[in-house]
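A.B. asks: The structure's right below; bear with me while I get my questions together.
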Amino acid sequence: MKMDIERLARPEIVAMKAYVSARSSAAADGILLNANEAPYTHVADPEWQRLTLNRYPQPQPALLRARLAELYGVDEDKLLMTRGSDEGIDLLTRVFCRPGQDAVVECSPCFGMYRIAATIQGARVIDVPRQAANGFRIDFERLEKVITKEPDVRLVFLTSPNNPTGDLIGRAQLEAVLAATGDRALVVLDEAYIEFCDASSAIGLLDKWPQLVVLRTLSKAWAAAGVRCGSVIADPAVIGLLQRVIAPYPLSAMAIDAALKAISAENAERQRRFVDTVRQARADLYRFLEGCDFVQEAWQGEANFILARVHDGSGLVNWCAQRGIRIRDFGAQAQLAGCVRLTIGSDQELVALKSALKAYGEQL
């Protein structure tokens, strides 16, 4: 399927010339007098001196890009490194949504940054609420009707597994949404938690569906949230447009170094063991919650957390906070009254959480 991606983008972005940084316009060897940098670093630490902190890093560092492309099984020209998935969401919204004219679609409850990015850009947000009575599953029939009916939709945000409900989007369902968008919009599939489940990534569908964009991150299963390294994986035409508006140097030298270490061969085996541990602990915590009288309903999901509805969500959050345990209150979101999200922590952290939950139930 051929698709004119530029036709979906804002005309002013298509027409603009991207900023050309010194590091992207010339080789980074020899005597570097083209970027107004200091000739040496003031930091005495040998490890930091190795990173040449006085020099700008590569805008899209070649070694890290190659390793991420290998990790995700995609050609390098289909990958853009960003400061976490958040920046990818922001870039997509800025490139494809004209303020006051275009719209994005979300299926709440979902990750809040989709709506925030759209609101900042001045794009309309069309919500197709999930079905609370059906395990918060997406109403795909309604979603496809909205996409077909609304001519100004440019981005459709989906998440699999979803945050905070943890459910997956099936391959047939995803392809039905892609077919509904045709060449009128992009479908952005956020796979931040995909490593925690058995489902395969949708990256393999990129050649068939050029309107598909996949977001990946090192923040969750790769245990590198502090690095702030995400990836937008999409048709090269989409990547090219995003490169026109991304900051000249999105990743610091230290972040690049840390990301390379995080996805090293040595850490890959640790990552696999970590994912297995999380999945086992998630099942164990879910069984524990089933035995708590104050838990009205729990959704185990396929990520590294459990969403639970209790009789007093804010009360439970405060109870845990008094014991030094921070859990997330989702009660303010539509359809999530009384809901809290519990992240799967270490064995010791989960022992403390269970103790606090048990004590909470005993005092009711």
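A.B. asks: Residue by residue through the range 315-330, which ³J(HN,Hα) values in whole Hz follow from phi under the Karplus form 6.51 cos²θ - 1.76 cosθ + 1.60 (θ = phi - 60°), with glycine and proline marked x?
C.D. replies: x, 5, 4, 5, 4, 5, 4, 5, 9, x, 10, 9, 10, 9, 8, 10
A.B. asks: Note down the accessible area of residue 339, probe 1.4 Å, to the nearest 10 Å².
C.D. replies: Taking all protein chains as shown, residue 339 has close to 0 Å².
A.B. asks: Considering only DSSP beta bridges where both residues belong to the chain, give the percentage that are antiparallel (nearest 5).
C.D. replies: Details: 21 of 37 bridges.
For the chain, the DSSP antiparallel bridge percentage is about 55.
A.B. asks: Where the centre of each part is set by its Cα atoms, how far does the range 269-295 sit from the range 160-185, in angstrom?
C.D. replies: The distance from the Cα centre of the range 269-295 to that of the range 160-185 comes to 26 Å.
A.B. asks: Shifting gears a bit: Please report, in whole Å³, the volume per residue of the convex hull around the C-alpha atoms of the range 258-364. Intermediate values should be presented prior to the final figure.
C.D. replies: On the way: hull volume 12.8 nm³, N = 107.
Dividing the Cα hull volume of the range 258-364 by its residue count gives 119 Å³.
A.B. asks: Expressed in nm to one decimal, what extension gain is obtained for the pair residue 268 and residue 363 from 0.36 nm per residue of sequence separation less their Cα-Cα distance?
C.D. replies: Details: separation 95, 0.36 × 95 = 34.20 nm, distance 4.40 nm.
So the chain would gain 29.8 nm between residue 268 and residue 363.
A.B. asks: Round to a whole angstrom and tell me the spacing of the C-alpha centers of the range 33-86 and the range 228-251.
C.D. replies: 14
A.B. asks: Let me ask something else. Pull up the DSSP beta bridges for the range 121-226 and report the antiparallel fraction as a percent, rounded to 5.
C.D. replies: Working: 1 of 10 bridges.
In the range 121-226, DSSP labels about 10 percent of beta bridges as antiparallel.
A.B. asks: In nm, to one decimal, how far is the modelled label at residue 47 from the one at residue 14, with both set 7 Å along Cα→Cβ?
C.D. replies: About 4.9 nm separates the two model spin labels.
A.B. asks: Send over a whole-number figure in Å² for the accessible area per residue of the range 1-107, probe 1.4 Å.
C.D. replies: Values: 6020 Å² over 107 residues.
Value returned for the range 1-107: 56 Å² of accessible area per residue.
A.B. asks: Hey, which lysines would be in cross-link range of residue 78, C-alpha to C-alpha under 19 Å, not counting anything within fewer than 8 residues on its own chain?
C.D. replies: 2, 208
A.B. asks: Here is a follow-up. Sorted by accessible area (1.4 Å probe), largest first, how do 261, 17 line up? The partial results should precede the final answer.
C.D. replies: On the way: 261 105, 17 190 Å².
Reading off the accessible areas and sorting them downward yields 17, 261.
A.B. asks: If you don't mind, there's one more thing I want to ask. Can you pull the accessible area of residue 127 for me, 1.4 Å probe, Å² to the nearest 10?
C.D. replies: Only protein atoms counted, so the area is about 50 Å².
A.B. asks: Dipole magnitude of the range 1-129 about its Cα centre, charges +1 at Lys/Arg Cβ and -1 at Asp/Glu Cβ only, in debye to the nearest 20?
C.D. replies: Numbers: 15 positive and 17 negative charges, 55 e Å.
The dipole of the range 1-129 has a size of about 260 debye.
A.B. asks: Also: Using the Karplus equation 6.51 cos²θ - 1.76 cosθ + 1.60 (θ = phi - 60°), what ³J(HN,Hα) coupling, rounded to whole Hz, does each residue of the range 137-142 give in order, writing x for Gly and Pro?
C.D. replies: 6, 6, 7, 5, 4, 5
A.B. asks: Further, regarding this structure: Which residue, 5, 89, 101, has the largest displacement toward the positive end of the dipole of the range 1-134 when charges sit on each Cβ (Lys, Arg +1; Asp, Glu -1)?
C.D. replies: Comparing the listed Cα positions along the dipole, 101 ranks first.
A.B. asks: Right, something else. Give me the percent of the accessible area of the chain that comes from carbon and sulfur atoms, probe 1.4 Å, all protein chains in place.
C.D. replies: Details: 8490 of 16860 Å².
The computed percentage sits at 50.
A.B. asks: Using only Cα atoms, what Kirkwood radius does the range 109-200 have, in angstroms?
C.D. replies: 13.8
A.B. asks: Order these peptides, 75-82, 348-355, by their mean beta-carbon neighbour count within 10 angstrom, highest first. Intermediate values should be presented prior to the final figure.
C.D. replies: Working: 75-82: 19.6, 348-355: 14.1.
Highest mean packing first, the order is 75-82, 348-355.
A.B. asks: What dipole magnitude, in Debye to the nearest 20, does the chain give about its Cα centre under +1 on Lys/Arg Cβ and -1 on Asp/Glu Cβ? Each step should come with its number before you reach the end.
C.D. replies: Details: 42 positive and 45 negative charges, 83 e Å.
Its charge dipole is roughly 400 debye.
A.B. asks: Given +1 on the Cβ of Lys and Arg, -1 on the Cβ of Asp and Glu, and no further charges, what dipole in debye does the range 173-263 carry about its Cα centre, rounded to the nearest 20?
C.D. replies: On the way: 7 positive and 9 negative charges, 63 e Å.
It comes to approximately 300 debye.
A.B. asks: Provide the per-residue ³J(HN,Hα) series for the range 109-121, in order, calculated from phi with Karplus coefficients 6.51, -1.76, 1.60 and θ = phi - 60°, each as a whole number of Hz, with x at glycine and proline positions.
C.D. replies: x, 7, 4, x, 6, 4, 5, 5, 4, 5, 5, 4, 6
A.B. asks: How many percent of the alpha carbon pairs in the chain exceed a separation of 37 Å? Walk me through the numbers before you get to the answer.
C.D. replies: Numbers: 17332 of 66066 pairs.
Percentage above 37 Å: 26.
A.B. asks: Which residue, chosen from 319, 33, 260, occupies the Cα position most advanced towards the positive end of the dipole of the chain, where the dipole is computed from +1 (Lys, Arg) and -1 (Asp, Glu) charges on Cβ about the Cα centre?
C.D. replies: Farthest towards the positive pole: 33.
A.B. asks: Let's test the formula: R0 of 22 Å, r as the Cβ-Cβ distance of residue 247 and residue 38. What FRET efficiency results, to the nearest 0.05?
C.D. replies: Working: r = 20 Å, r/R0 = 0.93.
Taking R0 as 22 Å, the efficiency between residue 247 and residue 38 is 0.60.
The values are calculated or read from the model by the stated rules, or taken from the named source; none is laboratory data. Keep in mind that this is a model prediction, so the values were computed, not measured. We place every Cβ from the backbone using ideal geometry, glycine too, and count neighbours over all the protein chains shown. Ligands, DNA and RNA are stripped out before the accessible areas are found, and what is left, the full protein with its side chains, is counted by its heavy atoms. Shrake-Rupley method; radii C 1.70, N 1.55, O 1.52, S 1.80 Å.
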